[in-house]
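What follows is calculated from the coordinates using simple rules that are stated; it is not laboratory data. Predicted model only: the values in this text are computed from it and were never measured. Please note: Cβ atoms are built from the backbone with ideal geometry, for glycine as well, and neighbour counts cover all protein chains shown.
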Amino acid sequence: KMNLKGRNFLTLKDYTPAEIDYLLNLAADLKEKKKRGITGNSLKGKNIALIFEKPSTRTRCAFTVGAQDEGGIPTYLAGDEIQLGHKESIEDTARVLGRMFDGIEFRGFEQEYADILAESSGVPVWNGLTDTYHPTQCLAMLMTMREEFGYLKGLKVAYLGDGRNNVATSLLIGSVKMGVSVTICGPKQLWPSKELVEECQEYAKESGAVIEVTSDLDGVKGADVLYTDVWISMGEEKKEQERERISKPYQVNKELMERTGKSTTIFSHCLPAVKGKEVTEEVFESEASKVFEEAENRLHTIKAIMVATLGDMEEA
Ligand code: CP
Ligand code: NVA
């Protein structure tokens, strides 16, 4: 049996394929129980801090409901209403929160803040999105793909657009670890870094996944999943005009869905989406779109992370 108790969840780089598989199975189990009206007690009496420097609907609600379903007590802390990185160092805030809370979720700008919180608080820290990574999103995507196709290894996902952002980065790491081939298809300026691709090539050697980075839309050929994200991420508002210009050719539309050559291709997106920009309304609303399935799976996967790293599993 897998034991992840006390672990942080900062990036999927820190998790083995077997551990990711375990989290996906736990999430499926928790989902099935919840559908039958059964919740748990594994987080009973655990106080959970939810720090948000950036806005959130899905992540905030998933951590809140996920904690409550298992008997935990979430407390929302808006980044600008606590002394986070102003008046006091992150390290000091971490040491205070670690004495009051049993687990900490962090959403913000700097990945380093999440890392320092983890190092200095002494309690599990979960990354709810930083400028660099969005690892809980990738788990929800993998869960949704597994529900849809029944397996992961051997599937191909094509990610369109900003291949450097948090969602693309975590999608690449997590998918490749699980044997899902990834094609990043977007403007050259927004390709993932060479270092990241090289690191992921090492995971690919183990899993058999194939990584491709291209600006050619034929990169979607054979894809089982077309995935995209906003052209302008939180904090990048100044780059709007330039981003729109270079991202436009990578919009997910009906034509691009057909270009995969597969009738079974699904579409997904982390949400929130800007319809008419990175995806057309038509694809977003189509049968192939699994965006709300993935949004729901944020709850089950995030709950699984908390239960696995903080919960009393005998109670689960
Ligand atoms: N996908 C996602 O993280 O959504 P929120 O920003 O609403 O949490
Ligand atoms: N890349 C997006 C994801 C939002 C969930 C952002 O960082 O704004």
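A Förster distance of 22 Å, applied to the separation of the beta-carbon atoms of Glu293 and Gln68, puts the FRET efficiency at 0.50.
Fewest first, what order do Thr57, Thr169, Thr280, Thr301 take by the number of other Cβ atoms within 10 Å? Walk me through the numbers on the way to the answer.
Details: Thr57 11, Thr169 25, Thr280 18, Thr301 29.
Taking fewest neighbouring Cβ atoms as first place, the list is Thr57, Thr280, Thr169, Thr301.
Computed over segment 136-294, relative contact order equals 24 percent, with contacts defined as Cα pairs under 8 Å that lie 6+ residues apart. Listed from fewest to most Cβ neighbours within 10 Å, the set Ser175, Ser89, Ser193, Ser56 follows the order Ser193, Ser89, Ser56, Ser175. Relative to the longest principal axis of the Cα atoms of the chain, the long axis of helix 17-35 lies at roughly 80 degrees.
So if R0 is 25 Å, what FRET efficiency would Lys275 and Asp80 give, r being the distance between their Cβ atoms, rounded to the nearest 0.05? Efficiency, from the Cβ-Cβ distance: 0.25.
Do you know the relative contact order of the chain, to the nearest whole percent, from alpha carbon pairs under 8 angstrom that are 6+ apart?
Values: 621 pairs, mean separation 69.5, N = 316.
Relative contact order of the chain: 22 percent.
Projecting the Cα atoms of Val123, Gln201, Ala288 onto the charge dipole of the chain (Cβ charges, centred on the Cα centre) puts Ala288 farthest toward the positive pole. For Lys33, a cut-off of 13 angstrom between C-alpha atoms picks up these aspartates and glutamates, skipping any fewer than 8 places away in its own chain: Asp69, Glu70. Could I have the simple spin-label model distance between Phe109 and Lys239, label points 7 Å from Cα toward Cβ, reported in nm to one decimal? Once both label points are built, they end up 1.4 nm from each other. Distance between the 7 Å Cα→Cβ label points at Arg36 and Lys5: 2.5 nm.
Derived scalar couplings between HN and Hα for segment 263-277 equal 7, 9, 4, 9, 10, 8, 7, 5, 6, x, 10, 9, 5, x, 9 Hz in order, rounded to whole Hz, by the Karplus curve 6.51 cos²θ - 1.76 cosθ + 1.60 (θ = phi - 60°), x for Gly and Pro.
First check a/c for segment 31-172, with a ≥ b ≥ c the square roots of the eigenvalues of its C-alpha gyration tensor; if it is under 1.5, answer rounded, and if not, answer prolate when a/b is larger than b/c or oblate otherwise.
Details: a/c = 2.42, a/b = 1.27, b/c = 1.90.
It comes out oblate by the Cα gyration axes.
What's the longest bit of the chain with no exposed trypsin sites (Lys or Arg not before Pro), using DSSP loop states and at most 14 other Cβ atoms within 10 Å as the test? It works out to 222-316. The angle separating the long axis of helix 166-177 from the principal Cα axis of greatest extent in the chain is about 90 degrees. Rounded to the nearest whole Hz, the Karplus-based 3J(HN,Hα) values (6.51 cos²θ - 1.76 cosθ + 1.60, θ = phi - 60°) of segment 178-184 follow the sequence 8, x, 8, 6, 10, 10, 8, with x at glycine and proline.
Taking other Cβ atoms within 10 Å as a rough exposure proxy, Val252, Val125, Val291 sort from fewest to most as Val291, Val252, Val125. Pairs exceeding 24 Å between alpha-carbon atoms, taken from Lys34/Lys277; Lys54/Lys238; Lys188/Lys221; Lys221/Lys290; Lys13/Lys262: Lys34/Lys277; Lys13/Lys262. Mean residue ellipticity at 222 nm, helices only, the chain: -13000 deg cm²/dmol; runs of at least 4 DSSP H residues each add -39,500 (n - 2.57), and the sum is divided by the number of residues.
How far, in nm, would the chain grow between Met100 and Ser263 when pulled straight, counting 0.36 nm per residue and subtracting the alpha carbon separation? Let's see the in-between values first.
Details: separation 163, 0.36 × 163 = 58.68 nm, distance 5.21 nm.
The span from Met100 to Ser263 would gain 53.5 nm if fully extended.
With 0.36 nm allotted per residue and the present C-alpha distance subtracted, the Glu91-Phe149 stretch has 16.5 nm of extension available.
Between Trp126 and Phe9, Ile104, Glu105, Phe106, the built amide H atoms are under 5 Å apart, and every one of these is 5 or more places off in sequence or on another chain. Computed from phi, the 3J(HN,Hα) profile of segment 137-154 under the Karplus parametrisation 6.51, -1.76, 1.60 (θ = phi - 60°) reads 5, 5, 4, 5, 5, 4, 4, 5, 5, 5, 5, 6, 9, x, 7, 10, 4, x Hz, with x in place of Gly and Pro.
DSSP loop GluC sites (Glu not before Pro) in segment 136-244 with at most 15 other Cβ atoms within 10 Å of their Cβ, which ones? Don't jump to the answer; show the numbers that get you there.
On the way: sites: Glu147, Glu148, Glu195, Glu198, Glu199, Glu202, Glu206, Glu212, Glu236, Glu237, Glu240, Glu242, Glu244; in loops: Glu236.
When the GluC sites (Glu not before Pro) of segment 136-244 are filtered for loop state and at most 15 Cβ neighbours within 10 Å, Glu236 remain.
Between Ile266 and Val225, Leu226, the built amide H atoms are under 5 Å apart, and every one of these is 5 or more places off in sequence or on another chain.
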